[in-house]
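A short write-up of the structure that comes next.
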Amino acid sequence: MMPTAHRRLLFFSLALLSAASIAFAAAIGSVTLNGEQWLSALTNPDSEYGELVWRLRLPRAAAAWTVGALLSLSGCLMQVLLRNPLADPYILGVSGGASFAALLGMTLGVTAAILPALAWAGALLSILIVFSLARGEGPWSRTRLLLTGVVTASGWAALISLLLTLGPDGSLRGMLFWLIGDLSYARLPFWALMILVIIFLVCFGMARSLNVLAMGETTARLLGEPSRKLLWVIYLLASVLTATAVSIAGNIGFVGLIVPHLMRLLVGSDHRILLPAAAMFGGLFLVLSDTLARTVLAPRQLPVGVVTALLGVPLFLMLLNRARVKQ
C-alpha cells in the first residue's frame, strides 16, 4: 500500500495540476491571453476578455474536467465488474442509447438545451434493457451481462446508422461530432457535478468491497461480501456515470479505458487510492485534450474525441503489448 505521505503528495499534485490545466485552458485558444490580460479577465468578467474567459472557456474547461472524471470513475467500476483491466464505460451499450436519443432529437430539430436530457433518457432506457435482460435467474454471470450489453449496443448502432442515413444534411455534421465526442457547446450543469460527487462518495465508501471483489467472487463470498447484489450496484453506478458524461459531451473514447489502467499501474489496485487518482487524472487528461483540440488547427476546432483517440490508440497498443509480454 502507498505510504500516507506519498498518497497525500499524489492527491495534492493531481489537484494542483487539474486547477492549472483549467487555468491554462482559459488562457489558450484562437485568441491567446498573456498574463496581464488573463488576470484582468478573471477580476473583471464584464471586460472584453472577461466575457471570453467566464462565458466560454472556463465553463467548457469545467465541463471537460467533469466528463473526464465521470468516464474515469466509470472505467474503474467497469474493470472491477468485468474483471478485465481493459474494459471501458461504453462496453455495455449505455452510450448507444444516449447517442440514439440525442441524434433523434437533432433529426427532429429540438433545441440544443434539450439534447442532454434526451441523451440521459436514452442512456437510462439502455440501462433498463440490459439490466432486465441480463439479470435473469440463478447465479450471476459476467458473460450473460457482457453478451447482453454487446448485443444491445449493436442494436443501437443499427438505429444510429438508420438516423444518419435518413437525417437531414444540415444536421449531419453536428450528429457526427456528437458520435465522435465534442465539447464545443458543452456547459457544466449543476446536476452532473452532483452526480459525480455523490457517486464518488458512494464508491469511496465501497472501496474495501471493490478491493475484495477484484480478487474474485469466491473470495468475496468467503469474506462475507454479497457479491451478486454488489455487482449489480456497481453496474448501475457505472452506467449512471457514463450516461451523465455522454449527455454532456457525446461519445469521448479511450478516457475511461486508458486512465484507470494507467493509474492502476502507477498507484496500485487499492481503490481508496485508485478512485480519486483516476478521477482527477481523467479530468486533467480531458481538459488538456480539449485544449489541444481547440488550438491545433485554430480557428477551426476538432472534436475532442479525435484527440483522445489519437492519444489513446498508441497507449492502448502499448498496454496490450505489455500484457502479452507478461503472459
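Can you tell me which residues in region 32-55 are surrounded by fewer than 15 Cβ atoms within 10 Å (Cβ to Cβ) and either in contact with a strand residue (DSSP E or B) (Cβ under 9 Å, 6 or more places away or on another chain) or not polar (S, T, N, Q) (or both)?
Scanning region 32-55 gives 35, 36, 39, 45, 46, 48, 51, 55.
Tell me which of these residue 81 doesn't satisfy, since it passes every other one: (1) crowded, with 22+ Cβ neighbours inside 10 Å; (2) closer than 21 Å to residue 297 by Cα.
(2)
Every residue, every condition in (1) small (Gly, Ala, Ser); (2) touching a residue at least 12 places away in the same chain (Cβ under 8 Å); (3) on the phi > 0 side of the Ramachandran plot, yes or no:
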position	(1), (2), (3)
70	no, yes, no
77	no, yes, no
83	no, yes, yes
91	no, yes, no
94	no, yes, no
102	yes, yes, no
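Could you grab me the full set of residues in region 244-288 that are among the small types (Gly, Ala, Ser), in contact with a helix residue (DSSP H, G or I) (Cβ under 6 Å, 6 or more places away or on another chain) and part of a loop (DSSP other than H, G, I, E, B)?
250, 253 - these are the residues of region 244-288 that are among the small types (Gly, Ala, Ser), in contact with a helix residue (DSSP H, G or I) (Cβ under 6 Å, 6 or more places away or on another chain) and part of a loop (DSSP other than H, G, I, E, B).
Looking at region 23-48, which of its residues are part of a helix (DSSP H, G or I) and at pLDDT 80 or above?
Answer for region 23-48, where residues must be part of a helix (DSSP H, G or I) and at pLDDT 80 or above: 23, 24, 25, 26, 27.
Run residue 298 past the list (1) farther than 20 Å from residue 26 by Cβ; (2) in a loop (DSSP other than H, G, I, E, B) and report the number of the one that doesn't hold.
Going through the list (1) farther than 20 Å from residue 26 by Cβ; (2) in a loop (DSSP other than H, G, I, E, B), residue 298 breaks only (1).
How do the pairs read when you match residues in region 1-24 that are farther than 18 Å from residue 42 by Cα with residues anywhere that are acidic (Asp, Glu) and surrounded by 12 or more Cβ atoms within 10 Å (Cβ to Cβ), using Cβ under 7 Å and keeping only pairs 6 or more apart or on different chains?
Hits for this filter: 1/270.
Residue 236 - would you say it is buried (at least 20 other Cβ atoms within 10 Å of the Cβ), in a helix (DSSP H, G or I) and either under 18 Å from the mean Cα position of the chain (by Cα) or of a type outside the set (Val, Ile, Thr) (or both)?
No: the conditions fail for residue 236.
What are the residues in region 193-213 that are surrounded by 18 or more Cβ atoms within 10 Å (Cβ to Cβ) and either among the small types (Gly, Ala, Ser) or free of Cβ contacts under 8 Å to residues at least 24 places away in the same chain (or both), if any?
209, 212
Of all residues in region 91-127, which are of a type in the set (S, T, N, Q) and either assigned to a loop (DSSP other than H, G, I, E, B) or more than 30 Å from residue 265 (Cα to Cα) (or both)?
99, 107, 111, 126
Return a yes/no flag: does region 303-314 have any residue that is buried (at least 20 other Cβ atoms within 10 Å of the Cβ) and in contact with a Cys (Cβ under 8 Å, 6 or more places away or on another chain).
No, because not a single residue in region 303-314 is buried (at least 20 other Cβ atoms within 10 Å of the Cβ) and in contact with a Cys (Cβ under 8 Å, 6 or more places away or on another chain).
Consider residue 290 carefully, then state whether it is touching a residue at least 12 places away in the same chain (Cβ under 8 Å), closer than 16 Å to residue 65 by Cβ and of a type in the set (D, E, K, R).
So residue 290 passes the test.
Within region 102-130, can you find the residues that are in contact with a Phe, Trp or Tyr (Cβ under 7 Å, 6 or more places away or on another chain) and of a type outside the set (Gly, Ala, Ser)?
103
Tally up the residues in region 104-125 that are within 22 Å of the chain's Cα centre (by Cα) and surrounded by fewer than 15 Cβ atoms within 10 Å (Cβ to Cβ), please.
Within region 104-125, residues that are within 22 Å of the chain's Cα centre (by Cα) and surrounded by fewer than 15 Cβ atoms within 10 Å (Cβ to Cβ) number 3.
Which ones in region 66-90 are of a type in the set (A, V, I, L, M, F, W, C) and either part of a helix (DSSP H, G or I) or within 17 Å of residue 312 (Cα to Cα) (or both)?
67, 69, 70, 71, 73, 76, 77, 78, 80, 81, 86, 87
State whether one or more residues within region 132-147 are in contact (Cβ under 8 Å) with a residue 60 or more places away in the chain, under 15 Å from residue 243 (Cα atoms), part of a helix (DSSP H, G or I) and aliphatic (A, V, I, L, M).
The answer is no; no qualifying residue exists.
The values are calculated or read from the model by the stated rules, or taken from the named source; none is laboratory data. Because the structure is predicted, anything quoted here is derived from the model rather than measured. Glycine gets a Cβ as well: all are built from the backbone with ideal geometry, and neighbour counts include every protein chain shown.
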